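Q: First, the structure itself, so that you have it in front of you.
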Amino acid sequence: MISVIICSANKTLLNQVSENIAATIGVPYEIIATDNSSGEQGICSVYNKGILKAQYDTLCFMHEDVLIKTNNWGQVILNIFKKDPGLGLLGVIGSSYKPMTPSGWGGLGPNTYYSNLIQHNKHSNKPTEHIFRNPNNEKLAQVACVDGVWLCTTKKIASEFMFDEINFTGFHVYDLDLSLSIGQKYKVAVTYEVLIEHFSEGKFDKNWMLDTIKLHQKWNKVLPVNHENLTREQVIYSEKATFKHFIKLLSSLNLPLSHASKILRMNNRYFNLDFKLFFKLRYYIILRYLNISKVKRPG
């Protein structure tokens, strides 16, 4: 028995996914859908209210612009949680390494993504792609965090952690924050037994970046989370590549580079990892600042 919780912005999409759930879930279920087409409520608030309303012990939070391609997926999910009592959160795409540098669910460098998702691209001309990576040929891969397109947990665990509607009032990083919260006590994993088709990609705008920075400030004492067993050298390379990209994104979004300086100084994490890395990253910030100043200089 599963409670499906949806934050809805489009009635047509909600009807479509509701019909899909009815045809594929294969177990008793309920749909708790909140009309948030006005955008007045943040997704954390909507999901927390859904948790309190849910009557079943297994919860599934999902976007409405998806179709589930796997028949009887509800029974699959119930079986996965029954077989692994230590499992806390389940998704279909995520990363086994979450950097201490602000980023999405994974960083640059070594490929630490685990995924099984058919992804359409609403905001670009990129072709539809089955994003699949399962290097160890597993049914279940432990990761640091999972994407919010589709999340499953139990009501007990969701009630213990809840979504952080105090710090995250919009529609970004709720999934990463929940992953890091639950991951302190339970396993977070990607399943390869359920296939999702998603009809839009994420938008990495200014609001996303500001929330991502806030997320990394909140979890700075925990990050990085390394379930990939990356070596120290691989971690250094990943953090360097991700930090350079972070600086570039700040500039492209017209956000101050002081955000990068603050991240670099927090708790001396970069310095403790490798003092040479710390000074390199500080140099990259200065270099980017000088390049920006040069471009803006009149004449």
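Q: Above 24 Å lies some portion of the pair distances; for the chain, what is it as a whole percent of all C-alpha pairs? Display every interim value, and only then the final one.
A: Numbers: 23591 of 44551 pairs.
Cα-Cα pairs of the chain separated by over 24 Å account for 53 percent.
Q: Can you compute the label reach from residue 35? Point 7 Å from Cα along the Cβ direction, backbone N cut-off under 19 Å, restricted to segment 53-70.
A: Answer for this model: 64-65.
Q: Within segment 11-113, list the GluC sites (Glu not before Pro) lying in a DSSP loop whose Cβ has at most 13 other Cβ atoms in a 10 Å radius. Kindly include the intermediate steps, with their values, before the conclusion.
A: On the way: sites: 19, 30, 40, 64; in loops: 40, 64.
Within segment 11-113, the qualifying GluC sites (Glu not before Pro) (loop, at most 13 other Cβ atoms within 10 Å) are 40.
Q: Choose one answer from 106, 86, 74: the residue with the largest mean-square fluctuation in a GNM of the chain with alpha-carbon springs under 10 Å.
A: Looking only at 106, 86, 74, the largest GNM fluctuation is found for 86.
Q: Something else now. By how many degrees, between 0 and 90 and to the nearest 10, does the Cα long axis of helix 73-83 differ from the longest principal axis of the chain?
A: 70
Q: To the nearest 10 degrees, how steep is helix 11-24 against the longest Cα principal axis of the chain, on a 0 to 90 scale?
A: 60
Q: About its Cα centre, how strong a charge dipole does the chain have in debye, to the nearest 20, once Lys and Arg get +1 and Asp and Glu get -1 at the Cβ?
A: Details: 34 positive and 25 negative charges, 333 e Å.
For this selection, approximately 1600 debye.
Q: Something else about it: Would you work out the relative contact order for the chain, in percent, from Cα pairs under 8 angstrom that are 6 or more residues apart?
A: On the way: 552 pairs, mean separation 63.6, N = 299.
Computed over the chain, the figure is 21 percent.
Q: Place a +1 charge on the Cβ of each Lys and Arg in segment 231-296 and a -1 charge on the Cβ of each Asp and Glu, then give the dipole magnitude about the Cα centre in debye, rounded to the nearest 20. Spell out each step's value before the answer.
A: Numbers: 13 positive and 3 negative charges, 43 e Å.
My answer is approximately 200 debye.
Q: Right, next: Mind scanning 203/262; 126/280; 187/221; 156/218 and naming the pairs with a C-alpha gap bigger than 26 Å? Display every interim value, and only then the final one.
A: Values: 203/262 24 Å; 126/280 34 Å; 187/221 19 Å; 156/218 24 Å.
Listed pairs above 26 Å: 126/280.
Q: Looking at segment 2-210, send over the antiparallel percent of its DSSP beta bridges, to the nearest 5. Mind dumping the intermediate values first?
A: Working: 22 of 40 bridges.
Bridges in segment 2-210 that DSSP calls antiparallel: roughly 55 percent.
Q: Something else: Would you list, by chain and number, the aspartates and glutamates whose Cα falls below 20 Å from the Cα of residue 122, excluding same-chain residues fewer than 8 positions away?
A: 64, 65, 147, 197, 201, 205
Q: Which of the peptides 187-193, 91-97, 47-53 is most tightly packed, and how do the rest follow, judged by the mean count of other Cβ atoms within 10 Å per residue?
A: On the way: 187-193: 22.3, 91-97: 26.7, 47-53: 17.7.
By packing density, highest mean first, the sequence is 91-97, 187-193, 47-53.
Q: First select every other residue whose beta carbon is under 15 angstrom from the beta carbon of residue 40; then total the charges, Lys and Arg +1, Asp and Glu -1.
A: On the way: positive: 49; negative: 35, 165.
Here the charged neighbours net out to -1.
Q: Please give the charge dipole size of segment 1-128, origin at the Cα centre, charges +1 on K and R Cβ atoms and -1 on D and E Cβ atoms. Round to the nearest 20 debye.
A: On the way: 9 positive and 8 negative charges, 60 e Å.
Result for segment 1-128 is approximately 280 debye, rounded to the nearest 20.
Q: Sticking with this structure for a sec: Looking only at segment 97-198, where both bridge partners belong to it, what percent of the DSSP beta bridges are antiparallel (to the nearest 5)? Intermediate results must be reported in sequence, preceding the final value.
A: Values: 8 of 11 bridges.
If we restrict to bridges inside segment 97-198, about 75 percent are antiparallel.
Readers should treat all values here as calculations from the given coordinates under stated rules, not as data from a laboratory. The shown structure was predicted, so the numbers you read here are calculated from the model rather than taken from an experiment. Positions of Cβ are backbone-derived with ideal geometry, glycine not excepted, and every protein chain shown enters the neighbour counts.
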